[in-house]
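Here is the structure we will look at.
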Amino acid sequence: MIRWSEPVYHAYQLVHSHGIPDENIIVMHYDDLAQNEDNPTKGIVVNEPNGTNVYNKVPKDYIGVEVNPLTFLAVLRADPVLVHMHKKVLNSGPNDHVFIYFVDHGAPGLIQFPHYSDAIHAEDLNKALIDMHQNKRFAKLVFYLETCYSGSMFDNLLPNDMNVYAVTSSGPQELSYGCCFDKLRDAYVAGYFSTNWFADWQKHDVLTETLDAQYDYIKSKVDLFDPRFNETYHQHAQHYGDLSIGKLPLAQFLGSKNLDMPEVNTKLNDESEPCTFVSTQDMPVRMLQMKIESTDDISIRDKYTEQLDELLNGRQYVDKVFDEYVNSIQHIIPNIESNAILNTKQELNNRHCYRQLVDTFHQKCLHLGLRGTCPDKMMAVRANLMFIMATVKAGDKRTSTLHFERGTLLVQPESILHSRLSLPSLIHQSNLFTNR
């Protein structure tokens, strides 16, 4: 099992317990955890090892294939088609405070949805928020986004004058991390960002704790030390938009009922069983490695070893594809070494061209939903290509020859490589809205 439904289930439990009624909450989740064949406790989903069941009574407003970009945006704009179908939409008005929590996989300038559905690009998400503002769909809106590269969805895009405040789990060029490996379920069951968010939320008075104070707490949790692998990772939360909203208390967005709760144990600092961390891109690999280590059954170990080999071979193939592709177009990007394109991260500065590249590659070569097999490098190479292409002399005809054909990457007049990819996919996604 791979994240990300658990934090949304936990967030639902908290907003519901803090007094927001279900009719004011919309939950979108793929719903593939509770009855998953790999879940040893059917019907139970936890957000920390040995935790309580956060799946209990979670609404199923949108599940399975309904969880896709078109539906997500339609919910935001209260699309009449969904209303006619008696589906929940964000039916908010000019006096409402709206809170949105989105958690899934991400890449520079986009956030991913489950299985084989498309992604939402940063421009589309910001346009949706701008349209909501212009149509007086809220008084104030807070958006918490937990994905890799989540900062790239708002950085230099979200206006600061339309009463929208966004907090992201990581910077524009950073990964986000999962944490808390559950040995019973052989799975990471939490995200580092949401674990710290929930900890702050649960231990403070929601009537006095401000969004700023919560952000400062989350942002202070920069270093993630993993004693198991003796590595330290870094994740820098960011905030964007109308920062004055940060002065408001949590109660104005997350419910005003204080709970009599014991001190929160997030497992992050549990010395008896230190927490381990993993980036989203490495989660499938790490989980299989830990499954192999945890079993004495030779047949089970062989099964997981075969799955791991398949996954690693797939990643090596994708790396090879991109290495060959970048080397093959070296002649149209002079003075730029292939190594710089393949192994650095440049700022995404040509979103329109980048979008065309991503969408075309998605449709005709390799689907972005193949997260287990598509490492971070693939997305970084795309962004680097756009950065470099933008620096090539304007009007250089060589840049206009770069394009795709189905199943084949081409730079006319010669074929570069032929890559018909068919690789396994492991992904699911969840979102949660509240309006007051």
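Other residues with beta-carbon under 9 Å from the beta-carbon of F193 carry, at +1 per Lys or Arg and -1 per Asp or Glu, a net charge of 0. Across region 20-94, what fraction of all alpha-carbon pairs, as a whole percent, falls in each successive 10 Å bin from zero upward? For region 20-94, the pair-distance distribution reads 17, 42, 27, 13, 1.
Set against the 2.2 N^0.38 Å expectation for a compact globular protein, region 69-114 has a Cα radius of gyration ratio of 1.35.
Pop the C-beta distance of Q356 and R77 into the FRET formula with R0 = 30 Å and round what comes out to the nearest 0.05.
0.75
Expressed as a whole number of Å, what is the distance separating the alpha-carbon centroids of region 2-42 and region 174-197? Computed from Cα coordinates, the inter-centre distance equals 15 Å. Listed values for region 288-296 are Karplus-derived 3J(HN,Hα) couplings in whole Hz (6.51 cos²θ - 1.76 cosθ + 1.60, θ = phi - 60°), namely 5, 4, 6, 5, 5, 5, 8, 10, 9, and x replaces Gly and Pro.
Applying the criteria of a DSSP loop state and at most 14 other Cβ atoms within 10 Å to the chymotrypsin sites (Phe, Trp or Tyr not before Pro) of region 70-138 yields Y116.
Applying 0.36 nm per residue to the separation of K60 and K247 and subtracting their alpha-carbon distance, the gain on full extension is 64.0 nm. Taking Cβ atoms as reference points and 11 Å as the exclusive limit, the residues near P59 contribute a net charge of -1, counting Lys and Arg as +1 and Asp and Glu as -1. Quick one: go through region 151-180 and flag any residue whose amide nitrogen is under 17 Å from the point 7 Å out along the Cα-to-Cβ line of S294. Correct set: 178-180. For Q316 and E231, the FRET efficiency from 1/(1 + (r/R0)^6), where r spans their Cβ atoms and R0 equals 25 Å, is about 0.65.
FYI, it's all coordinate maths here, none of it is from the lab. Computed from a prediction, not measured in an experiment: that's the story for all the values here. Every residue, glycine among them, receives a Cβ derived from its backbone with ideal geometry; neighbour counts consider all protein chains shown.
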